[in-house]
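The values are calculated or read from the model by the stated rules, or taken from the named source; none is laboratory data. Note that this is a predicted model, so its numbers are computed, not measured. Cβ coordinates were reconstructed from backbone atoms using ideal geometry, including for glycine residues, and neighbour counts include every protein chain displayed. Accessible surface is based on the protein model in full, side chains and every heavy atom, while ligands, DNA and RNA are left aside. Shrake-Rupley method; radii C 1.70, N 1.55, O 1.52, S 1.80 Å.
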Amino acid sequence: MDPDLADNWFFESVKKYNSLYMYDLQQQVISADWISEQGLCVSISNGRKHEILELSLPDRILVGEEQAALLKDRDFRVETGGFVEDRVTSLSHLPNTRNVVASTDVDNSVSILQIGGENSDLICKQQTIVNKTPLRESSHVGVLSDNQVLFGSGVNDLCLTDVTIGTIISHFTGEMCKETLPISCLAPLDGSTCLACERSRGQTYTIDTRDSKLMCDLYASFHSNSIITSIHSNSCHNSSESYWTMCVSPDMKYIYQISNKGEFRYMDIRNSKNTVTIATKLSSTSQKINLSCSSSGKYLAMSGFDGNIQIYNINNITTENKLEAIFKHEGHMANSSQPETLLSTVHLWYPGQSELVLSGASDGSLHAWRPAFV
């Protein structure tokens with residue numbers, strides 16, 4: 001990036017952001033999850049060396065600008081860390097514990113990692129839980145409670161496990177599925193039900209962990225007898241090459257989905273007879289697209305299409321059926337030496353604060369920022 005252009009972006013950011021902090025982890029940021037009010041766990045990799053870090057947020061990020069000016073500390077601190085054998089593709093914190101569930105790009109098993117201890121600053125593997133249907137593909141994880149986790153790489157190989165004893169309780173084989181259906185994510189609704197997003201077409205499955213036979217194809221049910229509204233759908237339905245992901249609103253009432261072809265859709269879980277599909281100008285060859293809803297339920301954040309993170313007002317989407325960003329974080333690209341190859345890899349809303357976002361990119365940059373519009 002031209003230094004003058006980067007300087008111009010930095011000066012413009014004074015108007016666009018209430019606060020902006022930029023850091024460099026020097027290796028690609030792969031995944032992250034919050035583990036406390038002031039800490040998060042991050043996996044990074046340079047392709048040969050793979051690490052897990054516990055980072056503590058500086059105090060000034062979490063307070064107002066007037067208070068922040070009185071605080072000197074403005075850097076992340078590495079509290080604990082450790083090397084792992086394989087590239088960790090996802091991290092999920094187990095509530096009320098110092099443990100995270102990690103999946104890798106080697107197979108669909110998961111590992112339980114302990115984040116330090118009383119006399120240790122190391123992140124260590126406690127156990128590995130092997131899927132009942134071993135596949136050479138990464139698992140996705142849905143944390144139902146501090147001891148129960150649903151994981152797997154497809155609708156046909158989901159396992160419910162008790163992580164305290166490392167035992168698989170149930171195996172969901174998806175008997176009604178005649179083909180292998182890889183998934184892109186799992187979204188728990190409560191302690192016993194979870195949604196799974198099939199990645200090539202965006203089919204949404206509801207899993208009831210109380211009965212391994214209770215698996216409902218939500219997508220098929222609302223398409224069989226529903227009203228489907230498609231807005232400018234000329235580029236939609238090239239499903240065989242699409243990669244879909246989804247998120248659920250904090251009140252567990254709405255599903256939002258996006259594909260790497262730029263097709264967006266949303267539906268009310270309580271009234272699945274109406275779903276809206278919107279074609280956008282977004283496009284990516286990556287399968288690292290991410291979609292998340294703010295804790296207030298007002299905003300959607302999207303990343304993985306390029307080096308930017310887009311923010312959308314959900315009310316604008318549902319009232320106007322348009323997907324137009326109200327804010328774009330361009331900081332990763334503006335400060336990159338190779339912006340044309342840069343990809344935003346992860347973003348997280350800070351729990352309980354809809355205005356604070358943390359984002360990471362393929363060049364190792366890690367940013368924490370508050371848009372000025374909130």
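Given the conditions (1) at pLDDT 90 or above; (2) more than 20 Å from the chain's Cα centre (by Cα); (3) more than 18 Å from H93 (Cβ to Cβ), report the number of the one that R199 does not fulfil.
Result: R199 passes all but (2).
Looking only at the stretch 53-62, decide whether some residue is touching a residue at least 24 places away in the same chain (Cβ under 8 Å) and open to solvent by 60 Å² or more (accessible area, probe 1.4 Å).
No, the stretch 53-62 contains no residue that is touching a residue at least 24 places away in the same chain (Cβ under 8 Å) and open to solvent by 60 Å² or more (accessible area, probe 1.4 Å).
Just the residues that are under 29 Å from Q353 (Cβ atoms), in contact (Cβ under 8 Å) with a residue 24 or more places away in the chain, touching a strand residue (DSSP E or B) at 6+ places or on another chain (Cβ under 8 Å) and not hydrophobic (A, V, I, L, M, F, W, C), please, taken from the stretch 266-296.
Matches in the stretch 266-296: Y266, T280, K288, N290, S292, S294, S295.
Per-residue answers, yes or no, for (1) polar (S, T, N, Q); (2) more than 23 Å from I61 (Cβ to Cβ); (3) modelled with pLDDT of 95 or more; (4) surrounded by fewer than 17 Cβ atoms within 10 Å (Cβ to Cβ):
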residue: S303; (1), (2), (3), (4): yes, no, yes, no
residue: I309; (1), (2), (3), (4): no, no, yes, no
residue: N316; (1), (2), (3), (4): yes, yes, no, yes
residue: L323; (1), (2), (3), (4): no, yes, no, no
residue: S337; (1), (2), (3), (4): yes, yes, no, yes
residue: H347; (1), (2), (3), (4): no, no, yes, no
residue: S354; (1), (2), (3), (4): yes, no, no, no
residue: L358; (1), (2), (3), (4): no, no, yes, no
residue: A372; (1), (2), (3), (4): no, no, no, yes
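Given the criteria exposed (fewer than 15 other Cβ atoms within 10 Å of the Cβ) and touching a strand residue (DSSP E or B) at 6+ places or on another chain (Cβ under 8 Å), does I123 qualify? Write out each step before concluding.
Details: exposed (fewer than 15 other Cβ atoms within 10 Å of the Cβ): no; touching a strand residue (DSSP E or B) at 6+ places or on another chain (Cβ under 8 Å): yes.
No, not satisfied.
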